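The values are calculated or read from the model by the stated rules, or taken from the named source; none is laboratory data. Quick caveat, the model's predicted, so the values are computed rather than measured. No Cβ is skipped: glycine too gets one built from the backbone with ideal geometry, and neighbour counts run over all protein chains shown.
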Amino acid sequence: MNELTYFLTEKGKIAIGWDEIMDDGFKGEAVVMIWRGDGINAQNKALKSNRKMILCPNFYCYFDWKQTFEDDEHGSFGVTPLSKTYSYNPQEVSEASELILGIQGISGQSGSQMNMNCSI
């Protein structure tokens, strides 16, 4: 990741990596996609290391998850009703009030392999 980040920086681009890049002590300049769980730990870790972040915690922002607990509904891994997505407030789930300064955006995710009701 360090070499790729350096290459992109030389080209005037910004690297973006999933929050696992912080697990191995990555020191390069990269925006972090916060995705695991509710994002609290990763948000605080990114904040402490002065990293910019894009929030997409899977408990709130994964649209390929089921919307209900119905057995016949297609979806992966869990249930995230739209009401939960609408209730997401990044400032409420973080310990740090200055978190908002590091947020570059919020992203909704959808793995297309789970979109069973689509016809092309």
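Only residues that are buried (at least 16 other Cβ atoms within 10 Å of the Cβ) and modelled with pLDDT of 75 or more were counted in region 68-100, giving 4. Any idea which residue in region 1-38 is farthest from Arg51 (Cα to Cα), counting only those that are touching a helix residue (DSSP H, G or I) at 6+ places or on another chain (Cβ under 7 Å) and small (Gly, Ala, Ser)? Applying the filter and picking the extreme gives Gly37. Mind listing just one residue for me: the one in region 1-13 that is surrounded by 13 or more Cβ atoms within 10 Å (Cβ to Cβ) and not hydroxyl-bearing (Ser, Thr, Tyr) and, of those, nearest to Phe77 (Cα to Cα)? Only one residue fits best here, namely Met1. Has region 11-32 got at least one residue that is touching a residue at least 60 places away in the same chain (Cβ under 8 Å) and either assigned to a helix (DSSP H, G or I) or in contact with a strand residue (DSSP E or B) (Cβ under 8 Å, 6 or more places away or on another chain) (or both)? Yes, some residue in region 11-32 is touching a residue at least 60 places away in the same chain (Cβ under 8 Å) and either assigned to a helix (DSSP H, G or I) or in contact with a strand residue (DSSP E or B) (Cβ under 8 Å, 6 or more places away or on another chain) (or both).
Considering region 19-66, and only residues there that are on the phi > 0 side of the Ramachandran plot and more than 13 Å from the chain's Cα centre (by Cα), the residue that is surrounded by the most Cβ atoms within 10 Å (Cβ to Cβ) turns out to be Asn50. Within region 39-73, the set of residues being out of contact with any strand residue (DSSP E or B) (no Cβ under 9 Å at 6 or more places or on another chain), more than 29 Å from Asn2 (Cβ to Cβ) and part of a loop (DSSP other than H, G, I, E, B) comprises Glu70, Asp71, Asp72. Filtering region 33-47 to residues that are in contact (Cβ under 8 Å) with a residue 24 or more places away in the chain and touching a Leu at 6+ places or on another chain (Cβ under 7 Å) leaves Gly39, Gln43, Leu47. Just one of the numbered conditions (1) at pLDDT 85 or above; (2) more than 14 Å from the chain's Cα centre (by Cα); (3) outside any helix (DSSP H, G or I) is not true of Leu8: (3).
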